[in-house]
Amino acid sequence: MQAAVIFDMDGLLVDSEPLWKEAADVLLGKYGIKLSLEEYEKTTGLRTREFLDWWFRTYNLPLENIPSAEKEIVELVIEKVHEKGKAMPGVEYILRFFKERNFRIGLASSSPMYMIENVIRFLGIENAFDAITSAGDLAYGKPHPEVYLNCANALGVVPTQCLCFEDSFNGMIAAKAAKMKCVVVPAQHQQQMARWAAADLKIAALSNFNQLLLNTI
C-alpha cells in the first residue's frame, strides 16, 4: 500500500520542456548546432550538465565551456518560465487528490534546487510538498534512482511505499530502479511509444488519475 507520492517537475508539473528546448537552441546555436526534436528527446530527463556533456561530446565542442553553459541555460529557462510558463493540466487536482488521502507528497527533480524553488513558487504550489529533492549536486542523476531514494527517506517512508509520476523515459527508469510504482504521463506525441510498457500505468493527463486507478496499482 502506497503511503507517499513523488512527482517529477519539468514536463509533468510545469510545461517547461519546450522552454528547455528553446534554451538549448539558443545555447547550442552559438556553436552552429540545432537539435531536432528527436535528438533533443534522447536526453530528456538528464541533468543540464549531462545533457550538455552528451551533446558537446557528440559535436566535439570544447568541454571546458560546459560549466558556464550550464549556468546560462538554467537561468534562461527560469526567465522563460516567468515569461510564458504554465502549470500542466491537472496539477492542482492531483496535489489535492493525494492531500485529501493523507499521502506524504514529495518532489524529485533533475533540476538544481534553486530552479525547483523558483518554479514551484511561480506556480504557487511551494507549500504542497513535504519533501523536495534535487539531483543537481548528486554523483548521478536520473536514470539513477538516488534522487528518488533521497526523497523517500526525506518523506520518512520506504521506497516500496512510494508512487511516482513521471513524463520522461529516464525518470521512469529512475523510479523503477528505486523499487517504486510509476505512473507515466508522456507528451502527447510520445503516448504510443512501446517503451512506456515498463511503467505501472500510463495516462494522458494528471487529471485522468482517480481512485479506481490508484486501487489497481
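The values are calculated or read from the model by the stated rules, or taken from the named source; none is laboratory data. Since the structure is predicted, the reported quantities are computational estimates derived from the model, not experimental observations. Here the Cβ is made from the backbone with ideal geometry for all residues, glycine too, and neighbour counts use every protein chain on show. Accessible surface is based on the protein model in full, side chains and every heavy atom, while ligands, DNA and RNA are left aside. Shrake-Rupley method; radii C 1.70, N 1.55, O 1.52, S 1.80 Å.
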* Report the local net charge at residue 77: Lys and Arg +1, Asp and Glu -1, summed over other residues whose C-beta lies under 9 Å from its C-beta. => -3
* Asked: Could you work out the helix-only [θ] at 222 nm for the chain, with each DSSP H run of four or more residues adding -39,500 (n - 2.57) and the total divided by the number of residues, to the nearest 500 deg cm²/dmol?
  -> -13000 deg cm²/dmol
* Protein accessible area in the chain, 1.4 Å probe - carbon and sulfur % -> 53
* Debye sum, Cα scatterers, the chain, no solvent: what log₁₀ I/I(0) at q = 0.10, 0.14 1/Å? -> -0.41, -0.81
* Asked: At q = 0.25, 0.29 Å⁻¹, what log₁₀ I(q)/I(0) does a Debye calculation on the Cα points of the stretch 57-100 give, no solvent, two decimals?
  -> -0.87, -0.95
* Distances over 21 Å make up what percent of all Cα-Cα pairs in the stretch 102-179? -> 21
* Area accessible to solvent at residue 160, 1.4 Å probe radius, in Å² -> 90
* Structure fact -> In nanometres, the difference between 0.36 nm per residue of separation and the alpha-carbon distance of residue 192 and residue 30 is 54.9 nm
* To do: Among DSSP beta bridges lying fully in the chain, give the percent that are antiparallel, nearest 5.
  => 5
* **Angle in degrees between helix 113-123 and the longest Cα principal axis of the chain, rounded to the nearest 10** => 60
* Identify which of 72, 17, 146 has the largest mean-square fluctuation in a Gaussian network model of the chain, with springs joining Cα atoms closer than 10 Å. => 72
* Asked: Just in the stretch 93-169: which trypsin sites (Lys or Arg not before Pro) are loop by DSSP and have at most 14 other Cβ atoms within 10 Å?
  -> 101
* Asked: Using Cα pairs under 8 angstrom and six or more residues apart, how large is the relative contact order of the stretch 26-179, in percent?
  -> 22
* **Size of the stretch 1-80 as Cα extents on the principal axes (Å, biggest first)** => 49, 24, 24
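Tell me, what does the Kirkwood hydrodynamic radius of the stretch 47-168 come to in angstroms if you use every pair of distinct C-alpha atoms?
Kirkwood hydrodynamic radius for the stretch 47-168: 16.0 Å.
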